[in-house]
Amino acid sequence: MTKKSKRDELFDLADNVVDTILNMSDEELDAELEREGIAPEDAVKAFDSLVDSARMKAGQKSLLRARVEVDADKRSARSGRPRSAAEALALVERAAKELPQMTQAARNAKSGAMSDSDVFDLLEDLEELGFSFDRDVET
Amino acid sequence: MRRLSHAEQYLIGYGVTKPRHIDLEALAWTMGAKVKYKRLSSCEAKITGLGDRAIITIDDSFGERRARFSLSHEIGHWQRHRNQILSCSKQDIGGVNGKGAHKEREADRYAADFMMPAYLYRPLMREFKRPSFKSIDALAQEFQASRKASALRYVDVDRSESMLICFGPNGRKWYRGSKDWPDEWAPKRDHDPDSGVMELLFGKTTPGADRSLVPASAFFGRYSAENHNVYAHSVISRSRGGQTDAEVMTFIVPQSSAMFDDVYTSRGW
């Protein structure tokens, strides 16, 4: 997926500037501007300009690239090895034991045991995420 | 000066300056999360993650806009609750009065920030001089959000006084006021005949095209309510259960903020 690039370095620099400004109180900001001899209206324009400039354009370009990658990924079909429901359940239970740090959440979830289709879905997701089920499982 | 939320900072990092820039799938991809769409038998949306990669699956049979909120909600989990195992029941999701689990509310807040960032939502809402469901629906269209999500967002980011009340057949289900709406002005628990809510709930009338001026006492039991008016706009909001889950959402703004003077006087302000 998207790798770190020069864009990230640019972001770090811009983030520091933006964070510093956002963390200042109105009074601190006014005092700073007065010390620098900058009118508040000009500072607002300069801030807008900063936000609208290279950082924004780099971000938009990066997001467009992500969209291209998403579309390319959708075109690449995947098919896992066919398994029985019992075998799939055993594999998912094994994964749950071996992966205590797994992230899982379900919205508007119904209570009760997982259906066969839930189990197959989870197995497919775990395989796609790189979990290896190569070892034999007793079913 | 308001500090940008994590979601808003993320969007700005990707140059999001217009609602149409919020490409949720592409944004999820930049976080290492791939999005799939399929019918789900046991939930509406889910996320499975390993390390720094995840797969989010969304059931979009409930409508595109609701699917967008579900996707944003799962993105919220990915950004906030990585390496945790959670399950969100319908009660958690609907618990807008504070009954929902903390992490579900956190994911919902992240979702609202991500789909309708205040730095884009607030300037657009200011363009509407007479707030009502007409403006809420226009904003929902702009951000491709559901009416309910847009209405909740409206009161959440509103810097003046507004309130959203949801009624079911048994009375008030939940309500949410904007930050400046005083707690002392809580809405009535039961339907008041002057509110017109019962007629809407049971199909005896149709929703008005725009807000109307009604006595505040139609919605509020506070002793001074009879002396004030509010602009109210009620619409039917059927939840996914169909006719039996009929709800009415009412959006309210005071005719004058003087309505709250007695509160501030009693607080000694």
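Quick check: is even one residue across the stretch B:7-16 at the interface with chain A (Cβ under 9 Å from one of its Cβ atoms) and closer than 17 Å to B:Arg65 by Cα?
No, there is no match, as no residue in the stretch B:7-16 is at the interface with chain A (Cβ under 9 Å from one of its Cβ atoms) and closer than 17 Å to B:Arg65 by Cα.
May I ask you to verify whether A:Glu27 is open to solvent by 40 Å² or more (accessible area, probe 1.4 Å) and modelled with pLDDT of 70 or more?
Numbers: open to solvent by 40 Å² or more (accessible area, probe 1.4 Å): yes; modelled with pLDDT of 70 or more: yes.
So A:Glu27 fits the description; yes.
Among (1) modelled with pLDDT under 95; (2) open to solvent by 30 Å² or more (accessible area, probe 1.4 Å); (3) more than 8 Å from chain A (Cβ to nearest Cβ), there is one condition B:Asp59 misses while meeting the rest; what is its number?
(2)
Could you please let me know if A:Ser117 is at the interface with chain B (Cβ under 7 Å from one of its Cβ atoms), within 21 Å of B:Ser41 (Cβ to Cβ) and either at pLDDT 85 or above or part of a loop (DSSP other than H, G, I, E, B) (or both)?
Numbers: at the interface with chain B (Cβ under 7 Å from one of its Cβ atoms): yes; within 21 Å of B:Ser41 (Cβ to Cβ): yes; either at pLDDT 85 or above or part of a loop (DSSP other than H, G, I, E, B) (or both): yes.
In short, yes.
Where residues in the stretch A:77-109 are more than 27 Å from B:Gln84 (Cβ to Cβ) and of a type in the set (Ser, Thr, Tyr), which of them is least open to solvent (accessible area, probe 1.4 Å)?
A:Ser84
Would you point out the residue of the stretch B:62-78, among those that are among the charged types (D, E, K, R) and more than 9 Å from chain A (Cβ to nearest Cβ), that is farthest from B:Ala112 (Cα to Cα)? Talk me through it step by step, then tell me what you get.
Initial filter on the stretch B:62-78 (among the charged types (D, E, K, R)): B:64-66, B:68, B:74.
From the residues that got through so far, the ones that are more than 9 Å from chain A (Cβ to nearest Cβ) too are B:64-66, B:68.
Working: B:Glu64: 16, B:Arg65: 12, B:Arg66: 12, B:Arg68: 10 Å.
My answer is B:Glu64.
Could you tell me which residue of the stretch A:122-131 is most open to solvent (accessible area, probe 1.4 Å), considering only residues that are among the acidic types (Asp, Glu) and facing another protein chain (nearest Cβ under 7 Å)?
Among them, the one singled out is A:Glu128.
Out of the residues in the stretch B:79-106 meeting the condition of being touching an Asp or Glu at 6+ places or on another chain (Cβ under 6 Å) and at pLDDT below 60, tell me which one is farthest from the other protein chains (Cβ to nearest Cβ). Quick ask: steps written out before the conclusion?
At the first step, the residues of the stretch B:79-106 found to be touching an Asp or Glu at 6+ places or on another chain (Cβ under 6 Å) are B:80, B:88, B:92, B:100-101, B:104.
Adding the requirement that they be at pLDDT below 60 leaves B:88, B:92, B:100.
Details: B:Cys88: 5, B:Asp92: 9, B:Gly100: 12 Å.
Step by step, filter the stretch B:79-106, then rank; the result is B:Gly100.
Yes or no: the stretch A:74-92 includes at least one residue that is assigned to a helix (DSSP H, G or I), under 23 Å from the mean Cα position of the chain (by Cα) and more than 10 Å from chain B (Cβ to nearest Cβ). Write out each step before concluding.
Of the stretch A:74-92, the ones assigned to a helix (DSSP H, G or I) are A:74-75, A:85-92.
If we keep only those that are under 23 Å from the mean Cα position of the chain (by Cα) too, we end up with A:74-75.
Add one more test, that the residue is more than 10 Å from chain B (Cβ to nearest Cβ), and what stays is A:75.
Within the stretch A:74-92, one or more residues are assigned to a helix (DSSP H, G or I), under 23 Å from the mean Cα position of the chain (by Cα) and more than 10 Å from chain B (Cβ to nearest Cβ).
Filtering the stretch B:29-53 down to residues that are more than 7 Å from chain A (Cβ to nearest Cβ) and farther than 15 Å from A:Arg107 by Cβ, which residue is surrounded by the fewest Cβ atoms within 10 Å (Cβ to Cβ)? Give the steps one after another, and end with the answer.
In the first step, residues of the stretch B:29-53 are kept if they are more than 7 Å from chain A (Cβ to nearest Cβ); the result is B:31, B:33, B:35-40, B:51-52.
Pick out the ones that are also farther than 15 Å from A:Arg107 by Cβ and you get B:31, B:51-52.
Details: B:Met31: 18, B:Gly51: 15, B:Asp52: 12.
Checking each candidate, the answer is B:Asp52.
The values are calculated or read from the model by the stated rules, or taken from the named source; none is laboratory data. All of these numbers come straight from a predicted model, not from anything done at the bench. Please note: Cβ atoms are built from the backbone with ideal geometry, for glycine as well, and neighbour counts cover all protein chains shown. Side chains included, ligands, DNA and RNA excluded: accessible areas come from the protein's heavy atoms. Shrake-Rupley method; radii C 1.70, N 1.55, O 1.52, S 1.80 Å.
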